[in-house]
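Inspection log for the structure reproduced underneath, given as structure tokens.
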Amino acid sequence: MNEPSLDFEQIYITYFSAMKRFAKEYVISEEDAENIVQDVFADIWEKRDLLSFHINLIAYLFMSIKNRCIDHLRSKIRNEEVTNDLQEEFQMAARLKYDALEAFDKNLFSEKDIEKVITNAIDNLPEKCREIFIKSKIEGKKHKEIAAELNVSINTIESQMSIAYRKLKQELKNYAPLLLFLILI
């Protein structure tokens, strides 16, 4: 027995505005809400032969839009977190550069003194931290390469590099240009 197909045009006219208002409550942007609802209706159009009057159409619309809103918000949150991390990193780098330029006095150190201060600061790092820092900054290896070589995760490499930077920042706080030099190598 053939089931009657859904009258897509009537469904669209009847529910589009209400569904858009529902989506807009969560995604805020009129354009985003409209895109989400359009996508849900496009899915209904593509599945029109599979859907019948036996489904609860309103529940289906609300659940589909709810899920699309959640996906949209997750994506926005993730993008915002990445943007904030990048802004924080940029601000920290800019602050370090500014401080380094403010403190820079090219007559302050001889080449031998600079090497000694940097070597001492690196030598004071914890053993694993020092090894990873040297492989990354002195030997020029990529984090993935170091992780494979030491049989540790990339997250371990990144956290050890963070520890190294933090300790070197503390150790070289009176030598801002040297800290900047270490970050750039």
Taking every alpha carbon pair in the stretch 114-177 and sorting the distances into 5 angstrom bins from 0 up to the bin holding the longest one, the percent per bin comes out as 4, 19, 30, 24, 14, 8, 3, 0
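Using a Förster radius of 45 Å, what is the FRET efficiency between Gln10 and Val117 based on their Cβ-Cβ separation? Nearest 0.05, please.
After rounding to 0.05, the efficiency reads 0.05.
Between their Cα atoms, which of Lys141/Lys173; Lys76/Lys135; Lys135/Lys169; Lys128/Lys169; Lys76/Lys141; Lys116/Lys141 are more than 28 Å away from each other? Intermediate values should be presented prior to the final figure.
Values: Lys141/Lys173 26 Å; Lys76/Lys135 36 Å; Lys135/Lys169 19 Å; Lys128/Lys169 18 Å; Lys76/Lys141 33 Å; Lys116/Lys141 23 Å.
Table pairs above 28 Å Cα-Cα are Lys76/Lys135; Lys76/Lys141.
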Any aspartates and glutamates whose Cα falls less than 19 Å from that of Lys47, other than same-chain ones fewer than 8 residues away, would be Glu3, Asp7, Glu9, Asp39
Once the in-chain neighbours fewer than 8 apart are removed, the aspartates and glutamates whose Cα is under 19 Å from Lys144 read Glu131, Glu158
Taking a straight Cα-to-Cα line shorter than 13 Å from Lys24, and setting aside same-chain aspartates and glutamates fewer than 8 residues away, one finds Asp32, Glu34
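All of the numbers you see were taken from the coordinates with simple rules; none came from a lab. A quick note: this is a predicted structure, and the numbers were derived from the prediction, not measured. Positions of Cβ are backbone-derived with ideal geometry, glycine not excepted, and every protein chain shown enters the neighbour counts.
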